[in-house]
1. If I ask for residues that are part of a helix (DSSP H, G or I) and within 13 Å of ARG266 (Cα to Cα), which ones from the stretch 219-233 would you list?
2. Do the conditions hold for ARG557, that is, is it modelled with pLDDT of 95 or more and over 26 Å from the mean Cα position of the chain (by Cα)?
3. Can you name the residue in the stretch 127-158 that is free of Cβ contacts under 8 Å to residues at least 24 places away in the same chain and part of a helix (DSSP H, G or I) and is also surrounded by the fewest Cβ atoms within 10 Å (Cβ to Cβ) among such residues?
4. How many residues are of a type in the set (Lys, Arg), under 30 Å from GLU333 (Cα atoms) and at pLDDT 95 or above if we restrict to the stretch 565-606?
5. Can you spot a residue in the stretch 261-276 that is of a type in the set (A, V, I, L, M), part of a loop (DSSP other than H, G, I, E, B) and modelled with pLDDT of 95 or more?
6. Among the residues of the stretch 29-76, write down those that are within 30 Å of ARG427 (Cβ to Cβ), open to solvent by 30 Å² or more (accessible area, probe 1.4 Å) and part of a loop (DSSP other than H, G, I, E, B).
7. Return the residues of the stretch 537-546 that are touching a Leu at 6+ places or on another chain (Cβ under 9 Å) and either at positive phi or outside any strand (DSSP E or B) (or both); say none if nothing qualifies.
Amino acid sequence: MKTLTSTFALLALSSSLQVFANESDGPTVLLWGDTHLHTNLSPDAYVNKNTNVDPDTAYRFAKGMPVMSDDTRAKVRLHTPLDFLAVTDHAEYAGVPKMLWDGDEELSKTKTGARYIEMIKDGKGTDVFFELIADVNAAKPNMELHSQRVRDTVWKQIYEAAEKHNEPGKFTALIGWEWSSLPNGSNLHRVVFMPEDASVAEKFTPYSAFESDRPEDLWNWLEKTAEETGANFVAIPHGSNISNDLMFQNVDSDGNAITKEYAKTRIRWEPVIEITQIKGDSETKSELSPDDEFADFETYEHLIKVGGTEEEREADPAASYVRSALMRGLEIEQNVGVNPYKAGLVGSTDAHTGLASSEEDNFWGKFSIDSKPEGKDLEGAPGVTGWDMSASGLAAVWAKENTREAIVEAFKRKEVYGTSGPRIKLRVFAGYDFKDNDAESADLANIGYDKGVPMGSDLPPAGKRDNPKLLIQAVKDPVDANLDRVQVVKGWVDDSGKAQEKVYNVAWSGERKQSSDGSIEAVGNTVDMDTGLYTNDIGTEQLTVVWEDVDFDPDMRAFYYVRVLQIPTPRHTLFDALALGIEHPEEYDAVIQERAYSSPIWYTPK
């Protein structure tokens, strides 16, 4: 039984690690981190009660040190430290609310600053926030607040904190920020980070949506700045589920059809997509994937809408979800020769508490105001409450070592994956020569690299009698729930040029039998709704398999990614409802099946 005590967690860790003690990881090691975290320098974080958790505190928490949270002023600690972290505060008005609250002399002398300070004194800080976010929605900065002095002062604090905490080989602190394009509340945000140090960071000021809210302009700036400074930027789009059908379109920002040059530029700067985070899961939903029984997971569709006017255009829900984007990318590639959405997948938190916590039983919320159970108020702000948010996610990286350079290189080659929070170990290789017994080898990783290609890669062209085979290994988080099943998600372009999808159950726990339609009965549910505890009496510690695509057509473009499901476990809201002594709200799931998503592997015909 999993309890919330460290004794049982350590026993589970010892038991699980003993099974895999003799296994080789090959030339790469698995590192866990968060590439999307906000501190009190982000305006929305600060006005929502994160007044004290700064970048330095965020790094200390990620390293496993106890810190003081905001609002509750409780001592908090991450159950298992991270291996890497990028603090990515919003570039738009970064540090401005904090400086106003602190009575910054220069800002207080401006007309706007003086007015905001008075509003703050009168208890109208939230109104200040709404005015600031309206400026971001409209991409029209108040230049009294968007000064070069303020921007450079805050940027220096961010990169100096990263320098202080970066320990090559032990813990990696990546220097980064968030470009928060928000046209009329449509989330087009990207986090940006790089492997270089402060000597490069000091040469530029982070690009913000106030300079432009068009992704094309961000990419142009990244290219120009990379040439001038030597920075090797990576940009990650995220929150596509609330992009209002704009993130993965068939057209560019001007409404023109995607060209080969556009596709090349986009995939150069955005090699990875964030598939899961606190503001929901962006894989797919049943409207887009009606045959996927696990499609509607942590669905969240509230736009960040403050002011502005609604753009009239035809709905395109496929442009908001990652699986549809991967399929759309195949179609575009068929037409222009380059796939703009040929991206790897990761998870991260987008927490604004400064605390990178994605564990259901140790979740500190999206904002500090919802970090305590009584702050999860359903009244007044639908979509901005703790009940709506997800305790998600994590970025997993197969890197050669724990350094800035090795981690960013792994992102660029897409040998990364995401989870909704648990540290599920996932290996995926594709090739034509794997044997069934390869899945049982203690040398699975080396076999995978020798006979095939890892997640994020391209399969070589197939021979006439070749079918792709996936070598898959999934291992439970040592201190979390058992695994239910492993699935392969395939996308391909049919003879008409239209992308199709299919989900295959390829490995599962227990003695369950696969039906003729490929389905598997549910694994069961051991969650006790009265205590928030569950048992690992169902499921299994690991699942390994060699799966062959017997439906393969060597003349059709395709991709494959792996989805791993845990057995059902309590959602963070069940813990909070129990703590408050109230009934769990019916409109939210009390029990969920956490998951991991591998980066895809692509096949292109000769």
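The values are calculated or read from the model by the stated rules, or taken from the named source; none is laboratory data. In this text the structure is predicted, and so the values were computed from the model without any measurement. Cβ coordinates were reconstructed from backbone atoms using ideal geometry, including for glycine residues, and neighbour counts include every protein chain displayed. What goes into the accessible areas is simple: the full protein's heavy atoms, side chains included, and nothing from ligands, DNA or RNA. Shrake-Rupley method; radii C 1.70, N 1.55, O 1.52, S 1.80 Å.
1. Scanning the stretch 219-233 gives TRP219, ASN220, TRP221, LEU222, GLU223.
2. In short, yes.
3. Applying the filter and picking the extreme gives ASP127.
4. 1
5. no
6. LYS63, the sole residue that qualifies.
7. GLY539, GLU541
One line per residue, one yes/no per condition, for (1) in contact with a Phe, Trp or Tyr (Cβ under 9 Å, 6 or more places away or on another chain); (2) within 26 Å of GLU415 (Cα to Cα):
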{"position": "PRO183", "(1), (2)": "no, no"}
{"position": "ASP197", "(1), (2)": "yes, yes"}
{"position": "GLU202", "(1), (2)": "yes, no"}
{"position": "TYR207", "(1), (2)": "yes, no"}
{"position": "TRP219", "(1), (2)": "yes, yes"}
{"position": "GLU227", "(1), (2)": "no, yes"}
{"position": "ALA231", "(1), (2)": "yes, yes"}
{"position": "VAL251", "(1), (2)": "no, no"}
